[in-house]
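A.B. asks: So that we are looking at the same thing, I have put the structure below in structure tokens.
Laboratory data are not the source of any read-out in this text; all were calculated from the coordinates shown. A quick note: this is a predicted structure, and the numbers were derived from the prediction, not measured. Here the Cβ is made from the backbone with ideal geometry for all residues, glycine too, and neighbour counts use every protein chain on show.
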Amino acid sequence: MSKENLSGHHEFKAEVKQLLNILVHSLYTNKEIFLRELVSNASDALDKLRFESNKGSEIIDNDQDLEIKIAFDKEKGTLTITDTGIGMTAEEIVKNIGTIAKSGSADFIKQLSDSKEDANNIIGKFGVGFYSVFMIASEVTLKTKSFKKDEKAVMWTSDGLGSYDLVELESDKKRGTEVIITLKEEEKEFADKHRIEHIIKTHSNFISFPIKVEDEVVNTVSAIWREPKSSVTKEQYDEFYKFLTLDYTEPMETIHRSVDAPIQFNSLLFIPKKNMDMFGFNRDDYGLDLYVRRVLIQHKNKDLLPEYLSFVKGVVDSEDLPLNISRETLQENLVFTKISSSVTSTVLNYLEKLSKDDKEKFAELWREHGKVFKLGYSDYANQEKYSALLRFNSSRCEDAKGLVSFDEYIENAKEDQKEIYYLAGSSREAVELDPHLEIFKTKGIEVLFFLEPVDEFAVSAVPKYKEFELKSVDQADLSKLDKFESEKVEDKSEEMTKDDEKSFDKLLKRIQNILGDRVTDVKESKRLKDSPACLVNPDDSMSASMQKMMQMMNKDASVPKKIFEINKNHKLVRNLIKIYNKNAEDDYIITVVEQLYESSLLLEGYLTDPHKLVGRINKLLENSSDWYTEINK
């Protein structure tokens with residue numbers, strides 16, 4: 001096609017007509033993306049001009065500043081976007097606007113016509129971003145002049161209904177492109193300064209060229225993630241973090257990384273000092289902002305980082321993703337998957353380094369964000385890194401603020417110990433009173449305290465850490481503890497006579513008869529020292545706390561049957577033996593057994609009705625008060 005026959009009236013190609021028809025007659029909720037597309041096009045034109053300049057090409061009007069200007073007229077209902085970029089020739093206009101430039105146009109039109117999603121997700125995916133302007137325009141005029149010498153300025157005009165007019169201009173227009181939009185009557189909100197500024201700050205805030213509205217630069221915050229780390233100051237990082245998150249404090253940690261191969265992207269990530277969702281009301285309000293060459297593609301993308309790292313804020317900017325890639329395609333895009341994997345590894349590696357270099361800082365971070373991090377138990381790809389970063393309170397800590405890693409536990413483990421023992425409960429105070437802990441105290445074996453419901457889920461996916469098996473104390477194989485010497489503690493219990501040993505065996509059977517099928521067995525305890533009795537899970541069953549959580553999830557209120565263990569060295573049990581020897585059917589034995597059983601249920605969290613237990617306690621207190629007053633007359 002020669003230059004002479006380009007001016008005049010032209011029909012769009014068939015696929016463009018289809019596209020325009022869909023855009024004009026479809027109602028999309030996010031029409032503001034047209035401005036993002038036009039600003040992106042303007043930015044590309046400026047980038048191309050800079051490339052030609054670096055190549056040494058001859059460029060006309062070389063004194064012009066590289067910038068984008070946006071003007072509007074509320075009364076006339078017009079909006080004008082002007083750039084000083086590379087411009088276009090008549091041939092380039094016909095090629096770039098008269099047809100859909102990139103392949104896959106038929107697929108694009110089908111997806112757009114079939115899709116019920118917002119146009120924001122798919123427009124531009126096949127190189128058709130410019131056409132989105134017809135969602136809000138009754139007419140578009142484009143005036144452009146190429147950077148090439150001796151090329152005339154060209155004016156392109158269309159109402160988007162299937163044709164366009166092209167004429168050469170004799171005017172002295174300078175290099176660049178000017179898009180003049182006549183807004184539809186119902187779309188005149190886009191000729192408003194605040195509306196325009198809001199759109200730019202939302203979608204195009206980090207375009208590298210100045211975007212001016214009424215000669216005032218709107219995109220004032222620079223894309224510092226694309227700068228070398230050495231050139232960015234802490235103050236700049238802090239300022240950007242506050243702009244991004246609206247947090248008034250500076251971040252706890254800043255992670256700035258640029259990757260060139262095999263994929264090219266930049267990431268700037270922040271770890272806040274405080275949990276921004278303290279009460280759990282905004283669990284879904286997370287994600288990193290995804291940019292493609294400084295243009296915002298998706299606000300709070302939830303797939304760049306797994307949910308357990310959702311406390312991390314920041315941006316990722318890719319050079320290799322196509323502009324305006326759709327959400328569906330994002331999830332299937334191999335480049336995006338690699339970026340996501342790389343960003344996740346970056347955060348985990350940073351946390352690992354911090355945990356070794358600054359334990360206090362990591363402990364501070366963990367206390368704020370540890371609850372969220374524990375949700376990563378299903379990230380099997382990063383299980384080793386995840387496990388090493390887990391922290392728990394333990395019996396070795398002085399108070400509930402102390403934290404212990406699996407590696408630190410192993411360092412302090414007994415020689416020949418091959419288990420990491422843990423105990424779940426609602427608080428440190430509660431687990432310290434748990435009867436199952438007593439043998440571990442006696443043996444001087446450290447026990448991790450799981451004080452959050454998620455803790456056991458976190459380790460359920462990590463049955464082993466290195467060569468150590470994770471084991472709940474109520475599932476412990478007591479024979480494995482026999483090899484460890486007990487710490488020297490004064491034993492005040494008297495040696496039992498052979499007759500008392502026989503009576504104790506009979507008492508166990510009596511207790512079994514009293515409790516019936518509420519327990520699977522009654523036997524002597526090898527784990528108790530200070531408590532008279534406790535309930536123990538049968539071998540190979542899940543831990544008590546996990547069992548309880550599963551029942552809650554299944555809305556199962558039944559009481560599981562367990563083994564009832566009795567401590568024969570406890571003073572109460574010794575007195576029961578004496579009572580049994582006098583009268584095996586004494587009602588007091590029934591009262592005490594019921595009390596011990598329900599107290600054990602209470603500690604396990606299965607006692608749903610405490611009325612009988614409280615009534616029994618009151619009766620026992622009444623009787624004991626009579627005894628006390630008698631001996632203190």
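A.B. asks: For the residues 225, 627, what sequence is obtained by ranking on other C-beta atoms within 10 Å, fewest first?
C.D. replies: 627, 225
A.B. asks: Below 8 Å between Cα atoms, with a sequence gap of 6+, how large is the relative contact order for the chain in percent?
C.D. replies: Over the chain, the number comes to 9 percent.
A.B. asks: Can you list the aspartates and glutamates whose alpha carbon is less than 15 Å from that of residue 201, not counting same-chain residues fewer than 8 positions off?
C.D. replies: Of all the aspartates and glutamates, those that pass the test against residue 201 - Cα under 15 Å, at least 8 places apart if same chain - are 32, 37, 192, 216, 289.
A.B. asks: Could I have the simple spin-label model distance between residue 9 and residue 249, label points 7 Å from Cα toward Cβ, reported in nm to one decimal?
C.D. replies: 6.8 nm
A.B. asks: Roughly how many debye, to the nearest 20, is the charge dipole of the stretch 498-631 about its Cα centre, given +1 on each Lys and Arg Cβ, -1 on each Asp and Glu Cβ, and no other charges?
C.D. replies: The calculated dipole for the stretch 498-631 is roughly 260 debye.
A.B. asks: Report relative contact order for the stretch 331-401 in percent, whole number only (criteria: Cα-Cα under 8 Å, sequence separation at least 6).
C.D. replies: 27 percent
A.B. asks: Another question about this same structure. Return the subset of 401/480; 361/414; 302/561; 173/300 for which the Cα-Cα distance in this structure is over 32 Å, preserving the input order.
C.D. replies: Too far apart for the 32 Å limit: 302/561; 173/300.
A.B. asks: Something else now. Residue by residue through the stretch 206-215, what is 3J(HN,Hα) from phi via Karplus (6.51 cos²θ - 1.76 cosθ + 1.60, θ = phi - 60°)? Round to whole Hz and write x for glycine and proline.
C.D. replies: Along the stretch 206-215, the couplings run 10, 4, 6, 9, x, 10, 10, 10, 6, 6 Hz.
A.B. asks: Can you give the charge dipole size of the stretch 390-480 about its Cα centre, rounded to the nearest 20 debye, using +1 on the beta carbon of Lys and Arg and -1 on the beta carbon of Asp and Glu?
C.D. replies: 120 debye
A.B. asks: Continuing with the same structure: If we count every other residue with Cβ under 9 angstrom of residue 370's Cβ, Lys/Arg +1 and Asp/Glu -1, where does the sum land?
C.D. replies: Charge balance near residue 370 sits at +2.
A.B. asks: I would also like to ask the following. How would the stretch 225-321 be classified by its alpha-carbon gyration tensor: rounded, prolate or oblate, with rounded meaning a/c under 1.5 and the a/b versus b/c comparison settling the rest?
C.D. replies: Oblate shape, in that a/c is at least 1.5 and b/c is the bigger or equal ratio.
A.B. asks: Also: Looking at 405, 393, 473, which one has the Cα that reaches farthest to the positive end of the dipole of the chain (charges on Cβ: Lys, Arg +1; Asp, Glu -1)?
C.D. replies: In the chain, that residue is 473.
A.B. asks: Something else: Would you mind checking 229/374; 48/95; 523/562 for any pair whose Cα atoms are more than 21 angstrom apart?
C.D. replies: Violating the 21 Å limit, Cα to Cα: 229/374.
A.B. asks: Something else now. List the residues, sorted by chain then number, that are 5 or more residues from residue 450 or on another chain and whose placed amide H is less than 5 Å from its amide H.
C.D. replies: 423, 424, 425
A.B. asks: Related question: Determine the dipole magnitude for the chain: charges of +1 sit on the beta-carbon of Lys and Arg, -1 on that of Asp and Glu, nothing else is charged, the reference point is the Cα centre, and the result goes in debye to the nearest 20.
C.D. replies: Roughly 720 debye for the chain.
A.B. asks: Going by a ≥ b ≥ c, the root eigenvalues of the Cα gyration tensor, does the stretch 390-480 fall in the rounded group (a/c under 1.5), the prolate group (a/b larger than b/c) or the oblate group?
C.D. replies: Note, shape of the stretch 390-480 comes out rounded.
A.B. asks: Sort 600, 378, 231, 132 so the one with the fewest other Cβ atoms within 10 Å of its own Cβ comes first.
C.D. replies: By the 10 Å Cβ count, ascending, the order reads 231, 378, 600, 132.
A.B. asks: For residue 481, what charge total do you get from the other residues with a beta carbon under 9 Å from its beta carbon, if Lys and Arg give +1 and Asp and Glu give -1?
C.D. replies: With Lys, Arg at +1 and Asp, Glu at -1, the net is +3.
A.B. asks: Restricting to bridges with both residues inside the chain, how much of the DSSP beta-bridge set is antiparallel, in percent to the nearest 5?
C.D. replies: In the chain, approximately 75 percent of DSSP beta bridges are antiparallel ones.
A.B. asks: While we're here: How big is the equivalent ellipsoid of the stretch 498-631 along its three axes, where each semi-axis is √(5λ) from the Cα gyration tensor, reported in whole Å from largest to smallest?
C.D. replies: Sorted largest first and rounded, they come to 28, 19, 12 Å.
A.B. asks: For residue 522, which sequence-distant residues (separation of 5 or more, or a different chain) have an amide H within less than 5 Å of its own amide H, given hydrogens modelled in the peptide plane?
C.D. replies: Excluding prolines and chain starts, which carry no amide H, the hits are 564.
A.B. asks: Output wanted: per-residue J couplings in Hz (rounded whole) for the stretch 420-427, from phi through Karplus 6.51 cos²θ - 1.76 cosθ + 1.60, θ = phi - 60°, x for Gly and Pro.
C.D. replies: 9, 8, 9, 9, 9, x, 7, 7
A.B. asks: Right, another one. Please state the relative contact order of the stretch 311-452 as a whole percent: Cα pairs under 8 Å, 6+ residues apart?
C.D. replies: Rounded, it is 18 percent for the stretch 311-452.
A.B. asks: Using a 7 Å offset from the Cα along the Cα-to-Cβ direction at both residue 202 and residue 411, what is the distance between the two label points in nm, to one decimal?
C.D. replies: Between residue 202 and residue 411, the label points sit 5.1 nm apart.
A.B. asks: Then there is this: Of all alpha-carbon pairs in the stretch 306-415, indicate the percentage at a distance above 23 angstrom.
C.D. replies: The calculated P(r) of the stretch 306-415 puts 39 percent of pairs beyond 23 Å.
A.B. asks: Still on this structure: Fully extended, how many nm does the chain gain between residue 558 and residue 92 (0.36 nm per residue separation, minus their Cα-Cα distance)?
C.D. replies: Using 0.36 nm per residue and subtracting the Cα-Cα distance, I get 160.1 nm.
A.B. asks: Follow-up question, since we're still on this one. With the dipole of the chain worked out from charges on the C-beta (+1 for Lys and Arg, -1 for Asp and Glu) around the Cα centre, which of 6, 497, 142 lies farthest toward the positive end?
C.D. replies: Among 6, 497, 142, the one farthest towards the positive end of the dipole of the chain is 497.
A.B. asks: Using only Cα atoms, locate the centre of the stretch 589-606 and the centre of the stretch 400-460, then give the distance between them in Å, rounded to an integer.
C.D. replies: Spelled out, the Cα-based centre of one part sits 25 Å from the other.
A.B. asks: Sorting 67, 170, 178, 364 on the 10 Å Cβ count, fewest up front, what's the list?
C.D. replies: So the ranking, lowest neighbour count to highest, is 170, 364, 67, 178.
A.B. asks: In addition: Considering the dipole of the chain built from charges on the beta carbon (Lys and Arg +1, Asp and Glu -1) around the Cα centre, which of 375, 155, 514 is farthest to its positive end?
C.D. replies: Working it through, the farthest residue towards the positive pole turns out to be 514.
A.B. asks: 5 Å is the cut-off here: which amide hydrogens, built 1.01 Å from N in the peptide plane, fall below it relative to residue 527, excluding neighbours closer than 5 in sequence?
C.D. replies: Hits under the 5 Å cutoff: none.
A.B. asks: Residue separation times 0.36 nm, minus the C-alpha to C-alpha distance between residue 58 and residue 21: what's the value?
C.D. replies: 9.3 nm is the gain from fully extending residue 58 to residue 21.
A.B. asks: Which value, in Å to one decimal place, does the Kirkwood hydrodynamic radius take for the chain when every pair of different Cα atoms is included?
C.D. replies: 30.6 Å
A.B. asks: If each DSSP helix of 4+ residues adds -39,500 (n - 2.57) and the sum is divided by the residues in the chain, what number results at 222 nm, nearest 500 deg cm²/dmol?
C.D. replies: My calculation for the chain gives -11500 deg cm²/dmol from helical runs alone.
A.B. asks: Oh, and also: Using a Förster radius of 51 Å, what is the FRET efficiency between residue 498 and residue 364 based on their Cβ-Cβ separation? Nearest 0.05, please.
C.D. replies: Between residue 498 and residue 364 the formula returns 0.30.
A.B. asks: To continue, here is another question. Enumerate the calculated ³J(HN,Hα) couplings along the stretch 381-392 in order (Karplus 6.51 cos²θ - 1.76 cosθ + 1.60, θ = phi - 60°), each rounded to whole Hz, writing x wherever the residue is Gly or Pro.
C.D. replies: Values, residue by residue: 5, 10, 4, 5, 5, 4, 4, 5, 8, 5, 9, 9 Hz.
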